[in-house]
Every structure is written in C-alpha cells, then in structure tokens.
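The values are calculated or read from the model by the stated rules, or taken from the named source; none is laboratory data. What you see is a predicted model, and the numbers here were worked out from it, not measured in a lab. Cβ sites come from the backbone with ideal geometry, for glycine too, and all protein chains shown count toward neighbours. In case anyone asks, the SASA skips ligands and DNA or RNA and just uses the protein heavy atoms, side chains included. Shrake-Rupley method; radii C 1.70, N 1.55, O 1.52, S 1.80 Å.
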Amino acid sequence: MDLAVKLYEDNSCKLKYVSGVLVGAALVVVAVKRYRKYKYDQKRQNYPRDTVVLHQIGRGKAIPSVSPFPIKLETFLRMAKIPFINEHTHQPSSKGKTPWITYNGEDVDDSQMCIDFLNKKLGVDMNKHLSLEQKSIGHAFRILVEDHLYWTMAYVAYAGDLTATRSVMPYDPLTNMFLVRAWTKVIRKQLWCQGMGRHTVEQVNHLIKSDLMALSVFLGRKRFFFGSEPCEFDCCVFGMLALALWCMPGSLHETLVNKEFPNLKDYIYRVRETFWPDWNECILEPEQGGTRGKKEK
C-alpha cells in the first residue's frame, strides 16, 4: 500500500511538472504571436496609401523567389502597372498562406484571390482582349499549372533526394538544413493527401511530360499565351515555368523545358525580358558572364 501511494505521489509530481512545462510553452507561443501581431500592426500604420504591399519570402539565388506564387503575383503587379512595394518576410497571412498583400489596411491572401481582389478594387482587367472561350481555356490551364504541374514539381523537389532542393535555397547551411527538413515533412504529407505522393516516379514523370506538352502545344509560336498581348494567365504560367527552368537543377522539368519544348524556354525569357528588366537586381546571384539564367545562343 505504501508503495502504491509513493508511486502515485511520484507520478503526480511528474505530471504536474510536465503540465507546467506545457503550459509555459503555450504561454510563450501566445506571447510571441501577440508580439508579432503588435509589431505588424505598428508597421502597417506606415504603409503608403494606394500602394500594394506584397508580403513574400525573400529572394532566391537565380530567381526572385523559390516559390512560383510570389513570382506570379509580382509579375501581375508589374504587368498591370499597379504601384507596389515588397516586404520580404516569413510571416504568413491569417490563413497561414504566402504570398499575401495589404492594400489600404486590408489584408488578402492566396495569389489568385489577391489578383481577383485588385481587379475588382482597381478596375483592372488584363484579360479584356480575350473572348469568353479564351478565358475559359485560360482558367483550365491555370488549374492544370497550379493544381497539377505544381504537385509534380513538389514531388520531384521533396519526395526523394533533397540535394538539388538544398542547393537552390538562399539560406546559410544550418538554416537550410532545418528549413528543408521541416518543409519536407509538411510537403510529403500534403503530397500523399493530394494524391501525387501515391504515384511511382515513372508515373509522375509521365504526368510531367503530359503537362508540359499540353502547354507547349497550346503556346505554339505565339508570343504570349493567347497571342501578341500578355494576359493574366501568363503570370501563372511564367511563375511555374521559371521555377522549373531556374530552380530545379537536374530535374525532368528542367530537361524538358530546355531541350524538348524549346518554345516554352523562349516564352520564359520573353516574359522575363518584358516585365522583369531588373531581374538581376531581384536575385541574390546575378549572372556574371556565366550561363545561369542566361539564354543560350
């Protein structure tokens, strides 16, 4: 009986200790979140009026972002000539998403919702020259790019060997190691839930080629996705293909864009030259006579 009482008292003390640690940790997390919110509320008071504040992660080595969605959104802002400033931060939106924007005190997240918001708020329409049929086709291709091709890229980058992924991350070795490890755990779970992560490498390779072929065939010899004038859909396609070309070394995506579908490569450079004349100023490792990020003659 005495032994049972002693064991109960010991376990009770351990339980109280563990509970105290957990409560303390929870309080620290709450305090950090409140402090960040306080700092953000202070900062947003100084945001200029009638200017989009684009919250996105920092610049990449050979590309303005290691995510296609900030590139898509920033390309749209440049294309539509909407005044904006960048705020490079790892702080996500209230929904835990990035990129996101602030416009005159209003926060909006998700790259496409940001575009839809600005279209309505500012009366912007980069698709006004398109027919209803073309808009429908563009919508379908955007879903193919963002909800299918994207997941093949995530599969290649995070489901297997992480060497190439680590090589393009713009962080110091220690931060790189921890961030890639954390992202890998999350993205592999997302890949499984989405379904792409359940396929074999051979099956995913088939999907990659099918997606890129569809884009290449539709683009043909056109200057932009729907002809001589750029449209909103070009922002999405450019963001994803630019990542494939400059941020996935040695991947099937990079190989196909470089060699099998040269019109896609030409298209990427054309959009870059049109809307990113300051490209070298927006990356961490500007070209210095090398071929990285430079079109081969």
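Residue count for region 165-200 satisfying the condition of being part of a helix (DSSP H, G or I) and touching a residue at least 12 places away in the same chain (Cβ under 8 Å): 14. Cβ-Cβ distances below 8 Å connect the following pairs, each with a first residue in region 210-231 that is surrounded by fewer than 21 Cβ atoms within 10 Å (Cβ to Cβ), a second residue that is basic (K, R), and a separation of six or more residues or different chains: R223/R270; F224/R270; S228/K222.
Pairs are defined by a Cβ separation below 8 Å, a sequence spacing of at least 6 or placement on different chains, a first member in region 61-79 that is among the basic types (K, R), and a second member that is modelled with pLDDT under 95 and in a helix (DSSP H, G or I); the pairs so defined are K61/V168. Against the condition under 19 Å from L256 (Cβ atoms) and open to solvent by 80 Å² or more (accessible area, probe 1.4 Å), how does M153 come out, does it pass? In short, no. For region 63-75, a tally of residues being in a helix (DSSP H, G or I), farther than 15 Å from V53 by Cβ and touching a Leu at 6+ places or on another chain (Cβ under 9 Å) returns 2. A count restricted to region 154-164 and to residues that are out of contact with any Pro (no Cβ under 8 Å at 6 or more places or on another chain) and either part of a helix (DSSP H, G or I) or at positive phi (or both) stands at 6.
Which one is nearest to V52 (Cα to Cα) among residues in region 121-139 that are open to solvent by less than 60 Å² (accessible area, probe 1.4 Å) and in a helix (DSSP H, G or I)? So that I can check it myself, show each step before the final result.
So in region 121-139, the residues open to solvent by less than 60 Å² (accessible area, probe 1.4 Å) come out as 124, 126-127, 130-131, 134, 137-138.
After this cut, where a residue has to be in a helix (DSSP H, G or I) as well, the list is 134, 137-138.
Working: Q134: 28, I137: 29, G138: 25 Å.
Among them, the one singled out is G138.
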